[in-house]
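First comes the structure, then the notes that go with it.
The values are calculated or read from the model by the stated rules, or taken from the named source; none is laboratory data. Given the structure is predicted, the values throughout are model-derived calculations rather than measurements. Cβ coordinates were reconstructed from backbone atoms using ideal geometry, including for glycine residues, and neighbour counts include every protein chain displayed. Heavy atoms of the whole protein, side chains included, go into the accessibility calculation; ligands, DNA and RNA do not. Shrake-Rupley method; radii C 1.70, N 1.55, O 1.52, S 1.80 Å.
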Amino acid sequence: MIAAAVRPLAAERLPLAAAHGRVLREDVAADADLPAFDRSAMDGYALGADDDSARLRVVAEIQPGAAAAVEIRRGECARIFTGAQIPAGAGRVVMQENVERAGEWITLRRRDAQTWIRRRGEDARCGEVLLRAGVRLGAGEVSLLAQLGVVRPSVSPAVRVRHFTTGNELVDPSATPGPGQIRDSNSALIAALVAESGARLVGQARCGDALEALTDAVESAGADWDALLLSGGASVGDYDFGARALERLGFTQHFRQINLRPGKPLIFATRGPQVAFVIPGNPVSHFVTYHTAIRLALECLESARPSWPLAHIELAEDFPAKPDPRETFWPGHMAIRDGRLRVRPLAWQSSGDLRGLLAANALLPVAPGTGPVPAGTPVPVLLLSPMTNGE
Ligand code: AMP
Ligand code: MG
C-alpha cells in the first residue's frame, strides 16, 4: 500500500561528492570501452606475441599517460610500465622480474602463459549500461561514476522529514519530570533513525494533546517537508488526535491499523506528494514501525527499490516467544562469535522499555501463534543496517 501510494520526489543533479548515499535516477552507460585502450598490467617489456628471439633490443620507453607512438617489430621490445598503452606490434608484456637487461638489450628468463595485457573493452563495452536507476550510490558506485565522467549525476534529494510529538505528559529530556510526566525520548529516537536513513530532519516540536494545537503547528510549519511524522495519538482514545488532525489537514488515509506487535495503531496517509504517519507513542512501537513501514515510504520517495533484507540466522539462545494473534517484530542483536553470525532476541518487558532497543541491529519477525524457539534454530531476521538497493 505504501509503494502504491508514494510518488518519487523530483530528481536533482548534484556534484559527485554530494551524491554519495543518494539514489541514482538515471541509467548510466560507459562512454567508451573500458579500458579504452590495451594497457600493460605489469612493469616490464612489451614485445611481439610470438617473438621467440634470443635477445631483444629496447627501442622505446612508454610511460603511463603517454601515447605509444612506436611500432614494435620482431627482435624489438619497449620498456613499459603498469597502465601504459601497449604499442602497435606488441602482443605480450614480460614482467621485469623475468628479464635480464644489459644496456639496450634484454634476454627473457621466463615466459608466462599470460600476456599481462588488459585488453580494450575487456571490462565493459562502450554503451553498456553499468549503473541502473534506483541504485543507492555507495563508494564503489561514485568511483565508477567518476571513471565514466559523470560528475553531476541525477539523484533523489534527501527526504525532508518534519516530526511532531503529541502528549500532555511529555517534558523536554533536560527537565525533571513532575508528577505524571515523562521525558520525551521519541524525538531523540526519530532524529537518530532519520539520520541513519540519510533523510533530513527539517524540524521537531512538541505539541500537547489538543486537535487545534496540532493542526496549527503542522500548518504553521509551512510546506518544506516531504514526510510528516506524528508521534503518539494514533489510537482511538479521547485524546488521540492524530487521525482527526490528518483529516483536517486534507490527508487521505490509506490504513489506520496493521496486524503488528508492537505498533498496531499505525496510520499512513498522503496529501499530494506528501506522506504522513501517525506512530503509536511507545518507543519500541516507534522503532518497529519505523523499520517496517516508515523507512519503506522514505525509500519510495527516493525512488529506491524498497529493501526488505530478510535472512535466516541461527538463534544464539532460546527465544521465549509467546503465541500472539499478531505478527511480532522482536528487536534483536546480531553478533559474530567464532566466525559465525548469530542473533539474540533482546529482553523486552513492554513497548515502553527502551532497554529492549540497546544494540538492536535486527528485528525478528514472529508469525502469529508462534511459541518458544530453541537456541540453534535458524529464524528469519530483518537486518537493520542500511542495505544497498542494487542487484
Ligand atoms: P499514545 O500513543 O499517545 O497513546 O502513547 C502511548 C505511550 O507512549 C504512552 O505511555 C505515552 O506516554 C508514551 N509516549 C508517547 N509519546 C512519547 C514520547 N515522545 N516519548 C516517550 N514516551 C512517549
Ligand atoms: Mg498520547
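Quick notes
- Arg162, sole failed condition from (1) open to solvent by less than 20 Å² (accessible area, probe 1.4 Å); (2) touching a strand residue (DSSP E or B) at 6+ places or on another chain (Cβ under 6 Å): (1)
- The stretch 154-166 residues that are among the basic types (Lys, Arg), paired with ones that are open to solvent by less than 20 Å² (accessible area, probe 1.4 Å) and within 16 Å of ligand 2 (Cβ to nearest atom) (beta carbon under 7 Å, 6 or more apart): none
- Only listed residue being within 15 Å of ligand 1 (Cβ to nearest atom) and aliphatic (A, V, I, L, M), chosen from Val159, Val171: Val171
- Annotation note: of Glu100, Glu104, the sole residue that is more than 20 Å from Leu34 (Cα to Cα), surrounded by fewer than 15 Cβ atoms within 10 Å (Cβ to Cβ) and in contact with a Ser or Thr (Cβ under 7 Å, 6 or more places away or on another chain) is Glu100.
- Against the numbered list (1) open to solvent by less than 30 Å² (accessible area, probe 1.4 Å); (2) within 14 Å of ligand 2 (Cβ to nearest atom); (3) of a type in the set (Gly, Ala, Ser), Ser185 comes up short only at (1).
- Test result for Gly21, small (Gly, Ala, Ser), surrounded by 13 or more Cβ atoms within 10 Å (Cβ to Cβ) and under 30 Å from Glu100 (Cβ atoms): no
- Qualifying positions in the stretch 216-243 - more than 16 Å from ligand 2 (Cβ to nearest atom), in contact (Cβ under 8 Å) with a residue 12 or more places away in the chain and not hydrophobic (A, V, I, L, M, F, W, C): Glu219, Asp224, Asp226
- Qualifying residue in the stretch 196-207 (condition: under 26 Å from Ala175 (Cα atoms) and out of contact with any helix residue (DSSP H, G or I) (no Cβ under 9 Å at 6 or more places or on another chain)): yes
- Strands (runs of 3 or more DSSP E) (entirely within the stretch 246-292) containing at least 3 residues that are open to solvent by less than 10 Å² (accessible area, probe 1.4 Å) and within 16 Å of ligand 2 (Cβ to nearest atom): 274-279
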